[in-house]
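Below is one structure, written out as structure tokens; comments come after it.
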Amino acid sequence: MKYILFVLAGACSYGLLATFVKKAYESGFHVGDVVGSQSLFGVVMLWILVFVTKRTSRQSAALQTVKVTKSQALILMAVGTTIGLTGIFYYTALQYISASFATILLFQFTWLGILLEAIVERKLPGKSIIISLIILFIGIILASGYLGGSKEAVSWLGITLGLLSAVTYTLFIWFSGKTVKQISPITRSAITLSGSFVLIMLLFPPRFLINGALHEALLPWALLLALFGIVIPPLFYAIGVPRIGGGLATILSAAELPMAVIMSYLVLNEAVNWLQWLGVGITMFGIALPDIMKRWNSRSPNVDAL
């Protein structure tokens, strides 16, 4: 049970990010300040964890650390650029669309990952996947809020950026699952996020370090975003996912979506009508459907595989 709670806590941590970003924007900061400061403090926290865990492992002699080569480090840093782009696209989208809608757009990485796998492995998706895609499409339309009489103009730039964040996050998951898997999760995360940090610093030079932004009001949001967006989720997922399995972890990860919607409703006072709540529920069902069908078919050998 505790490992399920670890994964749930990691997913809910991700769900808090959109609200923190929106509040930072309300304080007058722009996307470069937000994503740059988050990346900086997140990488610092991760490397501190790496050194602490290495020291404790040496003292206990319970863990043999695998030495990372330069080529492995470069590969992981290259993979990290995809998660860096995800943050840039996602946080920029939040300037144009609501936090709940941006989160739903990011969540399209679930079916995009399935599509990427089908293309790379040249394997057509089954009926359950196709049904899931249809359900997700219905869910995103309802959750967007534009069918509920919202007078807010549709920001196609925000939608495009939100979908781009889903694409880059899909690439991150795909590549991170296939590269340098023998290294400890914390070290992998630290090296990978270092690549993300380098990219972000090149695109958004860290002016917040010299223009006084950290002393104004940016520091609390930077620390919160670093803790709940970079440190806690990878660490909790590394603890919980190996124990409960990837399928259940994927379903539990859907907790990010209602958390983001609830936070946007309670903290940001974003209007969420019943159609949007219905859309959130439908989207979560569409995310979980492929794994549900897979489990059901594995327990029913006489039923034709979908």
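Pop a pseudo-label 7 angstrom from the Cα along the beta-carbon direction at both residue 124 and residue 51 and give the gap in nm to one decimal.
5.6 nm
List, in the order given, every pair from 67/178; 22/178; 123/178 whose Cα-Cα distance in the structure shown is over 22 Å.
22/178
Just to confirm, what accessible area per residue do you get for the range 72-113 at 1.4 Å probe, in whole Å²?
28 Å²
Give a residue-ordered list of calculated ³J(HN,Hα) values for the range 86-97 (Karplus: 6.51 cos²θ - 1.76 cosθ + 1.60, θ = phi - 60°; whole Hz; x for Gly, Pro).
Listing the rounded values in order: 4, x, 5, 5, 5, 5, 6, 4, 5, 7, 10, 10 Hz.
At what distance in nm do the modelled label points of residue 182 and residue 274 sit from each other, each positioned 7 Å from its Cα along Cα→Cβ?
5.9 nm
Can you tell me how much longer the chain between residue 266 and residue 67 gets when fully stretched, taken as 0.36 nm per residue apart minus their C-alpha distance, in nm with one decimal?
67.0 nm
Convert each backbone phi in the range 132-137 into a coupling constant with the Karplus relation 6.51 cos²θ - 1.76 cosθ + 1.60 (shift: θ = phi - 60°), then list the ³J(HN,Hα) values in order as whole Hz, x for Gly and Pro.
Taking θ as phi minus 60°, the curve returns 4, 5, 5, 4, 4, 5 Hz for the range 132-137.
Testing the spin-label approximation: label points 7 Å from Cα along Cα→Cβ at residue 238 and residue 198. State their distance in nm.
2.0 nm
Just subtract the alpha-carbon distance of residue 297 and residue 285 from 0.36 nm times their residue separation and send over the number in nm, one decimal.
Stretched out fully, the residue 297 to residue 285 stretch lengthens by 2.6 nm.
Say R0 is 22 Å: what FRET efficiency, to the nearest 0.05, do residue 211 and residue 26 get from their beta-carbon distance?
Once rounded, the FRET efficiency stands at 0.75.
The values are calculated or read from the model by the stated rules, or taken from the named source; none is laboratory data. None of these values were measured; they are calculated from a predicted model. Glycine gets a Cβ as well: all are built from the backbone with ideal geometry, and neighbour counts include every protein chain shown. Ligands, DNA and RNA are excluded from the accessible area calculation, which covers all protein heavy atoms including side chains. Shrake-Rupley method; radii C 1.70, N 1.55, O 1.52, S 1.80 Å.
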